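Below is one structure; the comments refer to it alone.
The values are calculated or read from the model by the stated rules, or taken from the named source; none is laboratory data. From a predicted model like this one, the values you see are computed outputs, not experimental measurements. Cβ placement follows ideal geometry from the backbone for every residue including glycine, while neighbour counts extend to all protein chains displayed.
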Amino acid sequence: MHRFAVEIHELRKRFRTRVSRGAGARARIADLFAPRTQWMTAVDGISLSIEPGERVAFIGPNGAGKSTTLKILAGILYPDSGTVTVDGLVPWRDRRTLGFRVGTVFGQRSQLWYQLPARATFDLLAHVYELPAATRRRRLDAVVEAFRLEALLDRPVRHLSLGERMRCEVAASLLHGPRVLFLDEPTIGLDVTAKAVIRDLLFEQSEAEGTTLLLTSHDTGDIEEVCDRVVIINRGRILLDTTIAEMRRRYLRTQQVTIQAEPPLDDVIRDLYSTADKHARDTTEVAT
Amino acid sequence: MNTRWIRKYGAFARIGFAATQAGPGELAARVAFFFLILGVFSSLWRAVGHSDSATSATMVWYLAITEWVLLSAPMIQFEIEAEVRRGDVAYQIARPVSYVGAHVARAIGTLAVRAPVMLATAIIGGRLFAGPLPPAATIARAVALGAVAAVVMTTYHVALGLLAFWLGDIAPVYWIWQKLSFVLGGLLLPLTYYPAFVGRVAAFTPFPALLTGPASFVLDRPYATPMAVCGMLALWLAMVSIGAGLVFRHAARTLQLNGG
C-alpha cells in the first residue's frame, strides 16, 4: 500500500468557454462565424495529500473547482499541469488500472440502467471489474446487506425513489471494493432521512473496509457526520485544510438558528396574548 | 482476446439485449413503420412497372432487405449524445473498460433483439406485398451479409455518437449521414439504377457495402459477389474501428465536464 492514497502537487486546469458579443443580430452572426473564447481557471495550483482510510470533505462555493479536481483524480479529465497519484497511479495515464481501485459517485448523474432492475447493473459492473464468481456473490451479498437493498434489487430503477436510487448508486460504486471512493455531492436532492442513511452507510463502509473517501458537498451534515478532515477551496485554490474538530473549535464558535413558522410567529404570539388576556378577563369575571 | 474480455463485453451485450426487451413499444413502432414502408413502395413499384433486372416483386424484396438492415441498427449515437450532454459519460470513462467497445457491445445486444424481429417483419411483409420468397440460397446470402452489415452500421453509429464530445448535438451530422446512405447506399433503388457517376462516388464510401451490397442478391444482377461484399464490409469495419478509437482518444483528452 502506498503512503498516500491521494497525492496532488500544483495541479492546474483551465477550460475554454465561449463568450457572447451581445444580444443583437450582428453580434449573434459574428458569434456564429468567429466565436470569441476565454480561458476560465478551474483549478489553480492545488497541493494536497490524503492518507489511506482518511475521510476528507472538499468544500467550496459553486465553480470553486471541487468537481473538476475530483474528475481529474478519477482519471476522467486531463490536467494542464501538476502531478497527481491515486493509490500510486497517475489517473489520466493509468486510467484502466486505476478503474479497478477507485469508485466514483456523482450525485447528479446515474450509472444505473433506468428501465432495468439495479441487479442488472450490479451484474454488469461485476463483469466490468472482472470479479470472479465467488467474489462477486460475496461482494453483492455484502453491499446488499450493508445498504439494505434486498427489497429494491429486483425493482426497475425507474420505480425507485431518489433516496433508494442513491443507495443503489453508492452500493454499485462499492461493489468492486475500491480503495478510494470519490463522491461528488452524493446527497444532493435527498430528504433529511435519506441523507442520514447515506451518510451512515458511507461512514460504516469506510470504517469497515478502510476505504479512503473524498467527498464534495454543500451540506454541512455530510461533512460533519462522514468526514474527519475538511479542505475548503475557492477559485481553484485551497483556503483551509484542517480537521473537522479544529475547524469547529476555531471558526464555528457561534451558531445562528433561523426558525420559520407557519403561521408566522408574530400571529401565534398575538393569538397567545389574546387567549391569555381573555382567560384573565374570564377569571376576573368569575371571581367578582 | 481472452475469456475475461469476452465476459466483460458480453455483459454489455446482455444488458443492451435486456434493456431492448424491457421496452417493446419502440420495437412495435418499428415493425408498424416497416410494414407501412413495404406497403407504400409495393404499390409504387407496381405502378411504375419493372426493368430488365428486376420486377416489382424483386424490388419489394430488395427494399425489405435494405430496410431490415437500416431499421435493425440501433441509434446508439443519440444515447452517446445524451450521455455526453447529461455528464453520465463521467461514470463510463472512469471504468476499466473501452468506452467505444462497451457501446458497440451494448448496441449489438440491442441488435440481437431487433434484427430477428425485423427480419420476420421483412419476410412476412415481403410475402404479403411481393408474393413468393426468392430462392432460399439468395435469401440466405442476403440475410447473412445483411446481419454483418447491420453490425458494421452500428459501429458507424457509435463513431457518429463520439462527435457529440465536440458538437454536443449530432442530429445535423446524422441527417447528412442518413441522406447519404439513402442515395449512395441505394436504400430504395439499387445503386446500379443511378447514373454511373453516383456509383463511382459511392464506391469510395461505406454505404454500398451496408445496404445495396447485401440486398442486391435478390436481384438478377447483384452489386458484387458475396466474397466482394464480405471484403468491403471487413474493410469498412476496420476503418471505422480504427477511426472511432482515434476519435475517442482525442475526445477524452479534450473532454469538458463542467458543473457538478
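Within the set B:37, B:65, B:15, the sole residue that is under 28 Å from residue A:99 (Cα atoms), part of a helix (DSSP H, G or I) and of a type in the set (Val, Ile, Thr) turns out to be B:15. Here is the figure for segment A:106-118: residues that are more than 7 Å from chain B (Cβ to nearest Cβ) and either surrounded by fewer than 18 Cβ atoms within 10 Å (Cβ to Cβ) or modelled with pLDDT under 90 (or both) total 2.
Do you know which of the residues in segment A:163-198 that are over 14 Å from the mean Cα position of the chain (by Cα), part of a loop (DSSP other than H, G, I, E, B) and free of Cβ contacts under 8 Å to residues at least 40 places away in the same chain is surrounded by the fewest Cβ atoms within 10 Å (Cβ to Cβ)? Result: A:191.
Is one or more of the residues making up segment A:131-143 farther than 18 Å from residue A:217 by Cα, of a type in the set (D, E, K, R) and within 12 Å of chain B (Cβ to nearest Cβ)? Looking through segment A:131-143, at least one residue is farther than 18 Å from residue A:217 by Cα, of a type in the set (D, E, K, R) and within 12 Å of chain B (Cβ to nearest Cβ). For segment B:70-87, the condition holds for no residue, the condition being that it is surrounded by 22 or more Cβ atoms within 10 Å (Cβ to Cβ) and in contact with a strand residue (DSSP E or B) (Cβ under 9 Å, 6 or more places away or on another chain).
Residues checked against (1) in contact (Cβ under 8 Å) with a residue 40 or more places away in the chain; (2) within 20 Å of the chain's Cα centre (by Cα); (3) within 14 Å of chain A (Cβ to nearest Cβ); (4) not in a helix (DSSP H, G or I):
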{"position": "B:45", "(1), (2), (3), (4)": "no, no, no, no"}
{"position": "B:54", "(1), (2), (3), (4)": "yes, no, no, yes"}
{"position": "B:80", "(1), (2), (3), (4)": "yes, yes, no, no"}
{"position": "B:121", "(1), (2), (3), (4)": "yes, yes, no, no"}
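Conditions (1) among the aliphatic types (A, V, I, L, M); (2) farther than 30 Å from residue A:204 by Cα, marked per residue:
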residue: A:226; (1), (2): yes, no
residue: A:253; (1), (2): no, no
residue: A:272; (1), (2): yes, yes
residue: A:277; (1), (2): no, yes
residue: A:283; (1), (2): no, yes
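Kindly provide the set of residues from segment B:209-260 that are more than 14 Å from chain A (Cβ to nearest Cβ) and either outside any helix (DSSP H, G or I) or in contact with a Gly (Cβ under 6 Å, 6 or more places away or on another chain) (or both), ordered by number. If the condition is that a residue be more than 14 Å from chain A (Cβ to nearest Cβ) and either outside any helix (DSSP H, G or I) or in contact with a Gly (Cβ under 6 Å, 6 or more places away or on another chain) (or both), then B:210, B:211, B:212, B:214, B:219, B:220, B:221, B:222, B:223, B:224, B:225, B:229 are the ones that fit. Looking only at segment B:205-224, which residues are surrounded by fewer than 21 Cβ atoms within 10 Å (Cβ to Cβ) and modelled with pLDDT under 95? B:220, B:221, B:224, listed by residue number.
For segment A:1-30, the set of residues classified as assigned to a strand (DSSP E or B) and either among the aliphatic types (A, V, I, L, M) or within 14 Å of chain B (Cβ to nearest Cβ) (or both) consists of A:6, A:8, A:11, A:13, A:14, A:15, A:16, A:17, A:18, A:19, listed by residue number. With respect to the conditions (1) part of a loop (DSSP other than H, G, I, E, B); (2) more than 16 Å from the chain's Cα centre (by Cα), residue B:74 falls short on a single one, namely (2). Only residues that are within 9 Å of chain B (Cβ to nearest Cβ), surrounded by fewer than 23 Cβ atoms within 10 Å (Cβ to Cβ) and within 17 Å of residue A:178 (Cβ to Cβ): list them for segment A:64-98, please. Matches in segment A:64-98: A:95, A:96, A:97. Criterion applied to B:66, B:20 was being of a type in the set (Ser, Thr, Tyr) and closer than 30 Å to residue A:173 by Cβ, and the one residue passing it is B:20. Can you confirm whether segment B:1-12 contains a residue that is at pLDDT below 90 and away from every other protein chain (no Cβ under 14 Å)? Yes, there is a match, as at least one residue in segment B:1-12 is at pLDDT below 90 and away from every other protein chain (no Cβ under 14 Å).
For segment B:120-137, give me the residue count where each residue is in contact with a Phe, Trp or Tyr (Cβ under 6 Å, 6 or more places away or on another chain) and either under 14 Å from residue B:41 (Cα atoms) or of a type outside the set (Ser, Thr, Tyr) (or both). Number satisfying all stated conditions: 5. Considering A:193, A:121, the condition of being polar (S, T, N, Q) and within 10 Å of chain B (Cβ to nearest Cβ) is satisfied by A:121 alone. Could you tell me whether residue B:96 is part of a loop (DSSP other than H, G, I, E, B), within 14 Å of chain A (Cβ to nearest Cβ) and either modelled with pLDDT of 90 or more or within 18 Å of residue B:119 (Cα to Cα) (or both)? It is true that residue B:96 is part of a loop (DSSP other than H, G, I, E, B), within 14 Å of chain A (Cβ to nearest Cβ) and either modelled with pLDDT of 90 or more or within 18 Å of residue B:119 (Cα to Cα) (or both). For segment A:28-46, filtering for residues that are in contact with a Gly (Cβ under 8 Å, 6 or more places away or on another chain) and polar (S, T, N, Q) leaves 1.
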